[in-house]
Amino acid sequence: YDLIRQALDTVADGRAVELLVADSSQAHFRQVLSTVADGFGACRVAAPSECPAASSGQTRIWNDSADLDTCPYLRNHPERVWADCVPVSIAGRTTGVLHAEGRIELPSNEELPTELELVARKAGDRIGVQRVLARTEAQAQVDPLTGLPNRRTLENRTHQLLQNDMEFVVAFADLDHFKDLNDLHGHETGDRALRLFSRVLRDSVRPRDIPARYGGEEFVVVLPDCSLADARVVADRVRSQLATALGTGTVPAFTVSVGLALADSGEALSEVIARADAALLKAKQLGRDRVVTAGELLETVPGGLV
């Protein structure tokens, strides 16, 4: 946008030009930049479908707001103005418009619409490329099935906590008897179960916490500036809200076991996760559907997992 503004400053020669771009719903325009700071030249159009230039995909030139065939959004303007409106195509869709406007005393010129069209083409191409890159980067950071951050993102974000020597707790969660659920009800049902648990997990933690799908039916949450006691409250809340969510009957009932570990100063993330995983194993041995903290003195159930 800064580059587009510089280009518009060059071609506008003091005239007011703004760039309107549709939001993600494609239903509303928002101003993303303007060559003037006083609000002059801001169009009142609310949506691409209501803009004559954007809806037609063609440049529209309005010589005088007092003309009978002027743009509806120039009619009743407090001053007599002209306007040049150039559609901006982003990724093959006309979802933006360059709107230039000025008082009749400072008229447009023959070159301005052509120069705005050039800027519009370059701007549409550049915004399209940036969106593709942003989408690709976002996809590389999240698990496609659950929408949660993936293991790599978890490690990268936790690296910042380690650099700042911030205290945090790792919660390692594993869905109980998930293989049986998959075998009995099919992988599509298993996927629904993973998505449901992911929603519960996301809704149960704070915005600054880092929930991630660690692999398969395993999930890891990093809870910064959190005590083990508070982390246990969070883990129990996840189990409780999971039971409530399963009450809808859209997914066969299942439970989750959780292991907790408090990071020691200077400890690597992999070491904390390993201790949380060991606590999780204890929870499995004790019968599943429970929370166990690393370091708790618990007896292992004879015969291993139950």
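Things worth noting here:
- Tensor-based shape of the stretch 181-306 (alpha-carbon gyration tensor, a/c under 1.5 rounded, otherwise prolate or oblate): oblate
- For the chain, calculated [θ]222 nm from helices alone, where every DSSP H run of n ≥ 4 adds -39500 (n - 2.57): -13000 deg cm²/dmol
- R80 sits among other residues whose Cβ lies under 14 Å from its own Cβ, and their net charge, with Lys and Arg +1 and Asp and Glu -1, is -3.
- Prolate is the label for the chain. Its Cα gyration tensor axes, ordered a ≥ b ≥ c, give a/c of at least 1.5 and a/b above b/c.
- Listed values for the stretch 20-36 are Karplus-derived 3J(HN,Hα) couplings in whole Hz (6.51 cos²θ - 1.76 cosθ + 1.60, θ = phi - 60°), namely 9, 10, 5, 6, 5, 7, 6, 9, 9, 8, 9, 7, 9, 6, 8, 7, 10, and x replaces Gly and Pro.
- Anisotropy class of the stretch 121-206 from Cα gyration tensor, a/c 1.5 cut: oblate
- Integer Hz, Karplus 6.51/-1.76/1.60 couplings in order for the stretch 124-137, x for Gly and Pro: x, 4, 5, 4, x, 5, 4, 5, 4, 4, 5, 5, 5, 5
- With R₀ fixed at 30 Å, the C-beta to C-beta distance from E111 to T136 puts the FRET efficiency at about 0.20.
- Sorted largest first by accessible area at a 1.4 angstrom probe radius, with every protein chain in place, the residues S49, S34, S56 fall in the order S49, S56, S34.
- Taking only protein heavy atoms and a 1.4 Å probe, the accessible area of the stretch 1-146 is 50% carbon and sulfur.
- Once backbone amide H atoms are built at 1.01 Å from N, V142 has N150 as its partners under 5 Å, excluding neighbours fewer than 5 places away on the same chain.
- With both labels modelled 7 Å from their Cα along Cα-to-Cβ, the R80 to H28 distance reads 3.6 nm.
- Heavy-atom surface of the chain, accessible at 1.4 Å and reported per residue (Å²): 52 Å²
- Rounded to whole Hz, the Karplus (6.51, -1.76, 1.60) HN-Hα couplings of the stretch 228-237, x for glycine and proline: 5, 5, 5, 5, 5, 4, 4, 4, 5, 5
The values are calculated or read from the model by the stated rules, or taken from the named source; none is laboratory data. All figures in this text were calculated on a predicted structure; none of them were measured in a lab. So basically every Cβ, Gly included, is an ideal-geometry build from the backbone, and we count neighbours across all protein chains shown. Keep in mind that these areas ignore ligands, DNA and RNA; they rest on the heavy atoms of the full protein, side chains included. Shrake-Rupley method; radii C 1.70, N 1.55, O 1.52, S 1.80 Å.
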